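In what follows, a single structure is set out as structure tokens and then discussed.
The values are calculated or read from the model by the stated rules, or taken from the named source; none is laboratory data. Bear in mind the structure is a predicted one, so any value in this text is a computation, not a measurement. Here the Cβ is made from the backbone with ideal geometry for all residues, glycine too, and neighbour counts use every protein chain on show. SASA here: full protein model, heavy atoms, side chains in, ligands and nucleic acids out. Shrake-Rupley method; radii C 1.70, N 1.55, O 1.52, S 1.80 Å.
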Amino acid sequence: QVQLVESGGGSVQPGGSLRLSCTPSGTWHSISVTGWYRQAPGKQREWVATFLSGGETRYAYSVKGRFTISRDSAKNTVYLQMNSLKFEDTAVYYCNAVAWAPPSSDYQTYWGQGTQVTVSS
């Protein structure tokens, strides 16, 4: 089975920065951490950033220019660097992966446990 271990969340002031990390653990035949999502209080989970298979990145308009997604291939770890944080960025942030792992005979999607990011003065 696959677990996604997240870290890096916390409380920051507006304009501050945080870097989130997502590292898979468990066993798999093939895995790819595809991106980050977030869920603010009272709202649905929304897509934030994606690291495409070809290495290109895509961002939600609300975070473009402020957030950067990157990866360490040797560790299968994906990061989300968040700069110039705003009140509106307050949410639980989740990473997502697709993996082919026993006992499944097909690729499935996996979610991390989430890490809280709070932006307040």
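Normalised per residue, the accessible area of segment 8-118 is 54 Å², obtained with a 1.4 Å probe and no contribution from ligands, DNA or RNA. Note on the chain: with neighbouring protein chains present and a 1.4 Å probe, carbon and sulfur make up 50 percent of its accessible heavy-atom surface. Annotation: the antiparallel percentage among DSSP beta bridges lying fully within the chain is about 95.
Packing order of peptides 19-26, 69-76, highest average first: 19-26, 69-76 (average count of other Cβ atoms within 10 Å over each peptide's residues). Only one residue of Ala40, Gly54, Asn76 has its Cα farthest out toward the positive end of the dipole of segment 25-77, where Lys and Arg carry +1 and Asp and Glu -1 on Cβ, and that residue is Ala40. Of all lysines in the structure, the ones whose alpha carbon falls short of 21 Å from that of Lys64, not counting any fewer than 8 places away in one chain, are Lys43, Lys86.
Give the shape of segment 68-117 as rounded, prolate or oblate, defined through the alpha-carbon gyration tensor: a ≥ b ≥ c are the square roots of its eigenvalues, a/c under 1.5 means rounded, and otherwise the shape is prolate if a/b is larger than b/c and oblate if not. It is oblate, given that a/c is not under 1.5 and a/b is not larger than b/c. For the chain, the mean projected area of the C-alpha convex hull, equal to one quarter of the hull surface, is 7.4 nm². Selection among Cys95, Phe67, Pro24 by position relative to the dipole of the chain gives Phe67 as farthest towards the positive end (Cβ unit charges, Cα centre). Near Arg71, the amide H atoms lying under 5 Å from its own belong to Tyr79; only residues 5 or more places off or on other chains count, and H is placed 1.01 Å from N. Shape verdict for segment 7-47, please, from the Cα gyration tensor: rounded (a/c under 1.5), prolate (a/b greater than b/c) or oblate. Oblate, since a/c reaches 1.5 and b/c is not below a/b.
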